[in-house]
Amino acid sequence: MADRASVTGVADVADQVRPPVASTGPLGWVRANLLDTWYNALLTLGVLVALYYLVRGFGGWVLLTAEWAVLTQNLQVLLVGQYPDEEIWRAGAVMLALPFVLGLGWSVWPGFCRRLAISLAVAAPLVAALPVEFASLAAGFRVYLLLNTVLVGAGWLLGRSTVFGSARSVLATWLVLFLGGLVFLRGFAASEALPFVGTKQWGGLMVTLLLSQAGIVISFPLGILFALGRRSSMAFVRVACVAYIEVLRGTPILALLFVTQVLLPLLLPDWMDMDRLTRGLVALILNNSAYMAENVRGGLQSVPSGQLEAARALGMRVHHITARIVLPQALRNVLPAIVGQFIILFKDTAVISLLGLLDFLGTANAILSGRQQWFNAEIEMFLFVAAVYWVFTYAMTSVSRAIERSMSKGVG
Amino acid sequence: MPAPVQGDLRSRVETHSSVPLWRNIYVLRAVTQIAAALLIVGLIGFLLNNLFVNAEKRGVDLGFGFLSLRASIKISNAAIPYSPDNSYFYAFLVGVVHTLRATLLGIVLATILGVLVGVARLSHNWLVQKIFAVYIGAIRNVPLIVSCYFFYFGLVLRMPITKEAVHLPGPIFLSNRGVYTIWGEPTASFGTWLLIVLAAVIAGYFVRRALRNRETRTGMPSYPNLAALALLAVGGVAGWLALAGGGEPPLLPSIPVLKGTNFRGGMRMTPEYFALVACLTVYIATYIGEIVRGAIQSIPRGQLEAARAVGLSEIHVLRYIVIPQALRIIVPPTIGQYINLTKGSSLAIVVGYADIYVVTRNIIEQSGSSAPMFLLIIATYLLIAAVYSLIGNLYNRSVQIVER
């Protein structure tokens with residue numbers, strides 16, 4: 001009834017209807033996203049109050065209460081462990097391979113690595129400019145940080161202007177620098193220039209990064225093998241691969257680490273005995289290759305059977321079909337999952353500290369329990385450790401996300 | 001390319017029948033399979049042989065006989081009665097119970113928190129959405145073990161002493177001796193009350209089925225779930241009141257009270273148990289939250305619009321459109337997360353909670369029998385994972401689409 005009455009006079013309606021509430025501009029955004037209903041407004045208010053206290057409390061603690069000396073005093077140990085002082089340049093040189101390869105990667109896959117490379121190139125000088133004393137590392141450390149920026153740039157330039165700028169050569173460079181780095185770090189017993197430094201003296205972030213890279217290098221191809229084996233038509237191979245994958249996937253990494261520490265010396269003859277760090281690596285590889293196999297299997301299943309049939313019809317050989325038709329497509333399809341597995345591997349390396357090995361977390365623990373001076377610095381130390389792990393994981397996650405995005409757009 | 005001539009084709013077919021032995025696909029396959037089998041059997045044999053030789057050399061016992069010997073290891077705060085006089089196997093079982101106790105509680109809490117996180121990530125409130133995104137990003141990108149260290153050494157062990165315990169409503173007291181909460185102390189009539197509740201559950205089941213049948217038959221709304229719940233509530237409350245009137249109520253509240261330097265009464269969660277469950281919950285909830293968010297987002301908008309257009313209320317849209325479809329996507333990966341949580345619980349050693357792994361390690365140190373204990377611990381974890389998968393798959397079947 002009311003409707004019909006109001007139709008009679010248009011002017012009346014115009015008087016009654018108020019102008020619409022602004023829905024654009026900053027004010028409109030706030031209204032739409034923070035205050036659209038009364039309970040959302042209440043929620044916003046509550047969250048803001050909580051945030052205020054959180055930021056004030058935490059910020060005050062970081063700037064005033066916290067004792068960051070535990071980090072600045074022990075920075076060298078946190079980075080490279082007990083690697084001897086006079087040989088430390090070797091550890092530094094090996095770790096510079098990462099920014100260089102990242103720079104190369106930037107030139108080849110700008111969509112995936114550009115942001116990461118630029119972030120590192122910008123962040124390194126910023127850290128170098130921090131007004132804190134790096135104790136034993138002194139001025140050399142600031143120069144070293146600047147070298148990171150230089151090497152990212154060098155890698156990028158080299159990749160853009162020379163034959164190094166292809167996907168294959170980036171991977172090859174990384175592999176060569178990594179394996180060469182291991183030899184370089186270890187040195188030779190008889191050498192004057194490169195005296196032997198055993199893995200017992202390796203430690204800190206360096207070990208975490210080396211372990212993760214070694215884990216990736218070995219467990220990735222193994223995972224592919226087990227995935228192919230699981231889909232093999234040969235019953236014996238298939239059953240063996242299924243058993244391997246299922247048992248190792250179901251066992252916690254910590255139990256596996258313990259098994260390899262205690263059982264490997266019993267399972268292998270004396271001449272195959274390895275140091276504790278390598279045994280830890282074996283556990284990481286056993287666990288991650290099983291997971292990797294499942295990821296790759298997903299990729300294998302996503303390749304249409306027509307591709308296989310076409311390849312067979314053309315008379316390609318079995319191993320050519322696998323290597324040139326099936327695997328490239330399969331791996332590309334599950335690339336984000338594979339990078340995700342690399343991230344899990346990186347996070348899993350922290351568990352080896354529980355066996356007394358001195359990776360990044362293990363070194364942090366050793367510092368905390370080593371001297372009475374640091375007994376109460378747990379919060380500062382573990383916050384720093386968490387932050388460092390976070391930075392690396394976040395970097396890998398961002399690459400993985402970029403890959404995923406480009407895939408959903410259909411760009412190779 | 002010129003088309004093959006008839007004769008050409010025939011000659012090819014003929015050559016096919018005379019493929020030499022070393023290029024015959026069947027022979028090749030058989031040879032590869034035998035070679036692979038030999039390789040695998042050889043590898044296993046090599047490892048086992050080494051194991052026996054080395055075990056002999058070092059005087060390590062490989063049998064399971066030691067499991068019945070006196071354990072003589074200490075387990076503090078055992079959940080089931082335990083003394084060092086019990087056998088190794090019983091000590092191992094205590095570890096299993098501890099792991100199950102922590103993981104089951106963790107699973108329940110992580111599911112609740114995870115659903116909350118998933119829904120909060122979809123909130124219309126920008127601030128809430130972002131805060132939970134930060135929470136997920138911060139927790140997921142840090143190894144669980146680092147979070148455990150930080151939480152236990154940085155926060156739990158630094159909670160105030162019992163005299164200055166943090167008093168939360170409930171009452172819940174947080175102190176460095178553990179978390180104390182109110183708890184029900186069962187009395188003599190508790191068993192009777194449980195029987196009454198059980199009867200109400202059974203009655204509720206049949207009433208629900210009858211009403212449901214009626215609803216499908218006649219189309220009249222009969223509220224089967226509501227009726228069953230009401231029956232359960234009435235049965236529970238009436239039974240309680242009757243028993244309380246006839247003597248003492250089935251449960252007496254036991255409130256933690258500070259006596260001297262410690263709390264008496266109530267339920268105590270040791271700092272270790274509390275820290276482990278809290279860390280697992282907070283970590284796994286981020287994964288469950290993302291699963292829930294993805295599942296809800298995967299429901300086409302058109303479905304929601306159509307449901308609203310035919311006049312379903314918001315609750316009904318949730319109950320009949322969103323939840324059934326989201327569950328289908330949520331259940332399988334969530335089971336995977338439960339298994340992850342169980343495996344993550346082996347980090348109990350960080351906080352000093354005596355789970356399977358810690359007990360196993362102590363047993364190995366005490367008895368020297370490493371290989372049998374490893375088999376036992378791996379088998380136990382696989383068994384737990386298999387049980388979760390089984391239960392999960394059964395539940396999954398009930399939420400999947402029934403295809404005709």
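The values are calculated or read from the model by the stated rules, or taken from the named source; none is laboratory data. Just so you know, these numbers come straight off a predicted model, no measurement behind them. Cβ placement follows ideal geometry from the backbone for every residue including glycine, while neighbour counts extend to all protein chains displayed.
Among the residues of this structure, A:Val176 counts as one that is modelled with pLDDT of 90 or more, in a helix (DSSP H, G or I) and of a type in the set (Val, Ile, Thr).
No other residue among A:Gly223, A:Gly215, A:Gly229 is crowded, with 19+ Cβ neighbours inside 10 Å, at the interface with chain B (Cβ under 9 Å from one of its Cβ atoms) and under 26 Å from A:Leu327 (Cα atoms) apart from A:Gly229.
Out of curiosity, is B:Ser175 in contact with a helix residue (DSSP H, G or I) (Cβ under 8 Å, 6 or more places away or on another chain) and either charged (D, E, K, R) or within 12 Å of another protein chain (Cβ to nearest Cβ) (or both)? Steps first, answer last, please.
Details: in contact with a helix residue (DSSP H, G or I) (Cβ under 8 Å, 6 or more places away or on another chain): yes; either charged (D, E, K, R) or within 12 Å of another protein chain (Cβ to nearest Cβ) (or both): no.
The answer is no for B:Ser175.
Can we say A:Pro195 is within 14 Å of another protein chain (Cβ to nearest Cβ), more than 30 Å from B:Tyr26 (Cα to Cα) and not hydroxyl-bearing (Ser, Thr, Tyr)? Explain how you work it out, then say what you get.
On the way: within 14 Å of another protein chain (Cβ to nearest Cβ): no; more than 30 Å from B:Tyr26 (Cα to Cα): yes; not hydroxyl-bearing (Ser, Thr, Tyr): yes.
So A:Pro195 fails the test.
Within the range A:280-296, is even one residue assigned to a helix (DSSP H, G or I) and over 20 Å from the mean Cα position of the chain (by Cα)? Taking every residue of the range A:280-296 in turn, none turns out to be assigned to a helix (DSSP H, G or I) and over 20 Å from the mean Cα position of the chain (by Cα).
Quick check on the range B:148-159: of everything there that is within 7 Å of chain A (Cβ to nearest Cβ) and at pLDDT 90 or above, which residue is surrounded by the fewest Cβ atoms within 10 Å (Cβ to Cβ)? Don't jump to the end; show me each part of the working.
Filtering the range B:148-159 down to residues within 7 Å of chain A (Cβ to nearest Cβ) leaves B:149-150, B:153-154.
After this cut, where a residue has to be at pLDDT 90 or above as well, the list is B:149-150.
Numbers: B:Tyr149: 27, B:Phe150: 20.
The residue in question is B:Phe150.
Listed by first and then second residue, the pairs linking a residue in the range A:47-68 that is without any contact (Cβ under 8 Å) to a residue 24 or more places away in the chain to a residue that is of a type outside the set (Asp, Glu), with Cβ atoms under 6 Å apart and 6 or more places separating them unless they lie on different chains, are A:Val47/B:Leu127.
Would you check if A:Val262 is touching a residue at least 12 places away in the same chain (Cβ under 8 Å), of a type in the set (A, V, I, L, M) and in a helix (DSSP H, G or I)? Full working, then the answer.
On the way: touching a residue at least 12 places away in the same chain (Cβ under 8 Å): no; of a type in the set (A, V, I, L, M): yes; in a helix (DSSP H, G or I): yes.
It is false that A:Val262 is touching a residue at least 12 places away in the same chain (Cβ under 8 Å), of a type in the set (A, V, I, L, M) and in a helix (DSSP H, G or I).
Looking at A:Leu256, A:Leu263, A:Leu314, A:Leu284, can you tell me which residue is at pLDDT 90 or above and at the interface with another protein chain (Cβ under 10 Å from one of its Cβ atoms)? First the steps, then the outcome.
Numbers: A:Leu263 fails: at pLDDT 90 or above; A:Leu314 fails: at the interface with another protein chain (Cβ under 10 Å from one of its Cβ atoms); A:Leu284 fails: at the interface with another protein chain (Cβ under 10 Å from one of its Cβ atoms).
Among A:Leu256, A:Leu263, A:Leu314, A:Leu284, only A:Leu256 is at pLDDT 90 or above and at the interface with another protein chain (Cβ under 10 Å from one of its Cβ atoms).
Evaluate the following for B:Ala348: is it touching a residue at least 24 places away in the same chain (Cβ under 8 Å), within 11 Å of another protein chain (Cβ to nearest Cβ) and of a type outside the set (Asp, Glu)? When the stated conditions are applied, B:Ala348 passes them. Looking only at the range A:71-88, which residues are among the hydroxyl-bearing types (Ser, Thr, Tyr) and at pLDDT below 85? A:Thr72, the sole residue that qualifies.
Every condition in (1) without any contact (Cβ under 8 Å) to a residue 12 or more places away in the chain; (2) more than 28 Å from A:Ile352 (Cα to Cα); (3) within 23 Å of the chain's Cα centre (by Cα) is met by B:Ile80 except one, and the failing one is (1). Among residues of the range A:307-333 that are under 25 Å from A:Ser400 (Cβ atoms), those with a Cβ under 7 angstrom from a residue that is among the small types (Gly, Ala, Ser), sequence gap 6+ or separate chain, pair up as A:Ala330/A:Gly299; A:Ala330/A:Ser302; A:Leu331/A:Gly299; A:Asn333/A:Gly299; A:Asn333/A:Ser302. (1) touching a Lys or Arg at 6+ places or on another chain (Cβ under 9 Å); (2) without any contact (Cβ under 8 Å) to a residue 40 or more places away in the chain; (3) within 11 Å of chain B (Cβ to nearest Cβ): which one isn't true of A:Ser369, the others all being true? The single condition A:Ser369 does not satisfy is (1).
Here is a yes/no grid of residues against (1) modelled with pLDDT under 90; (2) more than 12 Å from chain A (Cβ to nearest Cβ); (3) within 22 Å of A:Leu248 (Cβ to Cβ):
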residue: B:Ala371; (1), (2), (3): yes, no, yes
residue: B:Ala379; (1), (2), (3): no, no, yes
residue: B:Leu382; (1), (2), (3): no, no, yes
residue: B:Val387; (1), (2), (3): no, no, yes
residue: B:Ile391; (1), (2), (3): yes, yes, no
residue: B:Tyr395; (1), (2), (3): yes, yes, no
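Of B:Glu248, B:Glu290, B:Glu305, B:Glu272, all but one fail to be loosely packed, with under 13 Cβ neighbours inside 10 Å, at pLDDT 85 or above and of a type in the set (Asp, Glu); the exception is B:Glu305.
Checking B:Gly247, B:Gly236 one by one, the residue that is touching a Phe, Trp or Tyr at 6+ places or on another chain (Cβ under 9 Å) and outside any strand (DSSP E or B) is B:Gly236 and no other.
Test A:Val183 against the stated conditions and say whether it is on the phi < 0 side of the Ramachandran plot, in a helix (DSSP H, G or I), loosely packed, with under 13 Cβ neighbours inside 10 Å and aliphatic (A, V, I, L, M). Spell out the reasoning first.
Details: on the phi < 0 side of the Ramachandran plot: yes; in a helix (DSSP H, G or I): yes; loosely packed, with under 13 Cβ neighbours inside 10 Å: yes; aliphatic (A, V, I, L, M): yes.
Considered against the rule, which asks whether it is on the phi < 0 side of the Ramachandran plot, in a helix (DSSP H, G or I), loosely packed, with under 13 Cβ neighbours inside 10 Å and aliphatic (A, V, I, L, M), A:Val183 comes out as yes.
State yes or no: is B:Leu327 closer than 21 Å to A:Arg249 by Cα and touching a residue at least 60 places away in the same chain (Cβ under 8 Å)?
Working: closer than 21 Å to A:Arg249 by Cα: no; touching a residue at least 60 places away in the same chain (Cβ under 8 Å): yes.
Spelling it out, it is not the case that B:Leu327 is closer than 21 Å to A:Arg249 by Cα and touching a residue at least 60 places away in the same chain (Cβ under 8 Å).
Considered as a group, the residues in the range B:117-131 that are in a loop (DSSP other than H, G, I, E, B) and not polar (S, T, N, Q) include one that is farthest from the other protein chains (Cβ to nearest Cβ), and that residue is B:Leu122. Of everything in the range B:132-147, what is facing another protein chain (nearest Cβ under 10 Å), crowded, with 17+ Cβ neighbours inside 10 Å and farther than 16 Å from B:Ala275 by Cα? Give them in sequence order. B:Arg140, B:Asn141, B:Val142 - these are the residues of the range B:132-147 that are facing another protein chain (nearest Cβ under 10 Å), crowded, with 17+ Cβ neighbours inside 10 Å and farther than 16 Å from B:Ala275 by Cα. Within the set of pairs 6+ apart or on separate chains, which have a first residue in the range B:146-165 that is over 19 Å from A:Ala350 (Cβ atoms), a second that is part of a helix (DSSP H, G or I) and not hydroxyl-bearing (Ser, Thr, Tyr), and C-beta atoms under 7 Å apart? Between residues of the range B:146-165 that are over 19 Å from A:Ala350 (Cβ atoms) and residues that are part of a helix (DSSP H, G or I) and not hydroxyl-bearing (Ser, Thr, Tyr), the close pairs are B:Val156/B:Pro271; B:Val156/B:Phe274; B:Val156/B:Ala275; B:Leu157/B:Pro271.
Has the range A:302-309 got at least one residue that is assigned to a loop (DSSP other than H, G, I, E, B), more than 13 Å from every other protein chain (Cβ to nearest Cβ) and in contact with a Lys or Arg (Cβ under 9 Å, 6 or more places away or on another chain)?
As a first pass, look at the range A:302-309 and keep what is assigned to a loop (DSSP other than H, G, I, E, B): A:303-304.
Going one step further and asking which of them are more than 13 Å from every other protein chain (Cβ to nearest Cβ), we end up with A:303-304.
Next cut, in contact with a Lys or Arg (Cβ under 9 Å, 6 or more places away or on another chain) only: none.
No: zero hits.
Which of the following residues is surrounded by 16 or more Cβ atoms within 10 Å (Cβ to Cβ), closer than 30 Å to B:Gly137 by Cα, away from chain A (no Cβ under 14 Å) and within 24 Å of the chain's Cα centre (by Cα): B:Ile75, B:Ile112, B:Ile107? Being surrounded by 16 or more Cβ atoms within 10 Å (Cβ to Cβ), closer than 30 Å to B:Gly137 by Cα, away from chain A (no Cβ under 14 Å) and within 24 Å of the chain's Cα centre (by Cα) holds for just one of B:Ile75, B:Ile112, B:Ile107, which is B:Ile107. A single entry from B:Ile356, B:Ile364 fulfils the requirement of being out of contact with any Pro (no Cβ under 7 Å at 6 or more places or on another chain), surrounded by fewer than 20 Cβ atoms within 10 Å (Cβ to Cβ) and within 13 Å of another protein chain (Cβ to nearest Cβ): B:Ile364. B:Arg58 falls short on exactly one of the conditions (1) under 23 Å from the mean Cα position of the chain (by Cα); (2) closer than 29 Å to B:Ala379 by Cα; (3) within 11 Å of chain A (Cβ to nearest Cβ), and that condition is (1). A:Ser6 satisfies every condition listed in (1) modelled with pLDDT under 85; (2) assigned to a loop (DSSP other than H, G, I, E, B); (3) polar (S, T, N, Q) except (2).
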